[in-house]
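Since every read-out is calculated from the coordinates, none of them should be taken as a lab result. Since we're looking at a predicted model, the values are computed, not measured. Heads up, the Cβs are rebuilt from the backbone with ideal geometry, glycines too, and the neighbour counts pull from every protein chain shown.
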Amino acid sequence: MTADGVFYIRRSDMERIAKRMGLSADELAARIGARPEQAGRGVRYIIEWSWIFDKLLDLERRIARLEGAPQERGANIEQFVAALDAAIKSTAGPTGYSSLRAVRDLVVSRLELSDAQFVELFTKTVLQSRGKYILLEGGDYKVHINGKSYGYIKIVQGYKGSNTSTS
């Protein structure tokens, strides 16, 4: 690396790395922001550290936005419960049960949550609201709670409790 914050990669090295990744040297160079430069009889690629740091910071922002805490994304437990109940009611079959996959898809879409955030809030809601929901094992999408894998959910008819405090 030079004092100017750039470093150089020979074309042959770029080709070797690109081959391992299944790309051409030019495709890899474009992806990492390297620009070719004539160097003697060959070509070398110039990569600026500032470009790499910009890409890393952008990636970090994207990950934080996708996997940030639910409170940071605007979804609190009350909003989650309201969205969960609405999703269960709208996807319930004749028996009153809803597939957790369908429920998750609706809630995640409505509240813009990641799958990890959904599972976290769902688990917290089910554990805090004991007696409000009936869970069944099975299904193609499962949430693991207390050692069991649940794939279906139903709201108990006539549930009056508002036990949302943690014990």
Can you tell me the relative contact order of the chain? Whole percent, Cα pairs under 8 Å, sequence separation 6 or more. 16 percent
Net charge contributed by nearby residues that have their C-beta within less than 13 Å of LEU23 (K/R +1, D/E -1): +1
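Can you check what the net charge comes to around SER50, using other residues whose Cβ is under 15 Å from the Cβ of SER50 (Lys, Arg +1; Asp, Glu -1)? Mind dumping the intermediate values first?
Numbers: positive: ARG35, LYS55; negative: ASP4, GLU48, ASP54, ASP58.
Taking every Cβ under 15 Å from that of SER50, the sum is -2.
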Can you give the angle from 0 to 90° between the axis of helix 77-91 and the longest principal axis of the chain, with both taken from C-alpha atoms, to the nearest 10? 70 degrees
Kindly put ASP26, ASP4 in sequence by how many other C-beta atoms sit within 10 Å of each C-beta, fewest to most. ASP4, ASP26
How tilted is helix 115-128 with respect to the longest principal axis of the chain? Cα atoms for both, answer in degrees (0 to 90, nearest 10). 20 degrees
So how long is each side of the chain along the principal axes, counting just the alpha-carbon atoms, biggest first, in Å? 82, 30, 28
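For a protection proxy built on the mean count of beta-carbon atoms within 10 angstrom, sort 117-127, 88-98 highest first, please. Intermediate results must be reported in sequence, preceding the final value.
On the way: 117-127: 18.1, 88-98: 14.8.
Per-residue mean Cβ counts within 10 Å order the peptides as 117-127, 88-98.
With N residues in the stretch 6-67, what two-decimal value do you get for its Cα radius of gyration over 2.2 N^0.38 Å?
Numbers: Rg = 13.7 Å, N = 62, 2.2 N^0.38 = 10.6 Å.
That ratio works out to 1.30.
Could you give the size of the charge dipole of the chain about its Cα centre, using +1 on the Cβ of each K and R and -1 on the Cβ of each D and E, expressed in debye and rounded to the nearest 20?
Details: 25 positive and 20 negative charges, 87 e Å.
That gives the chain a dipole magnitude of about 420 debye.
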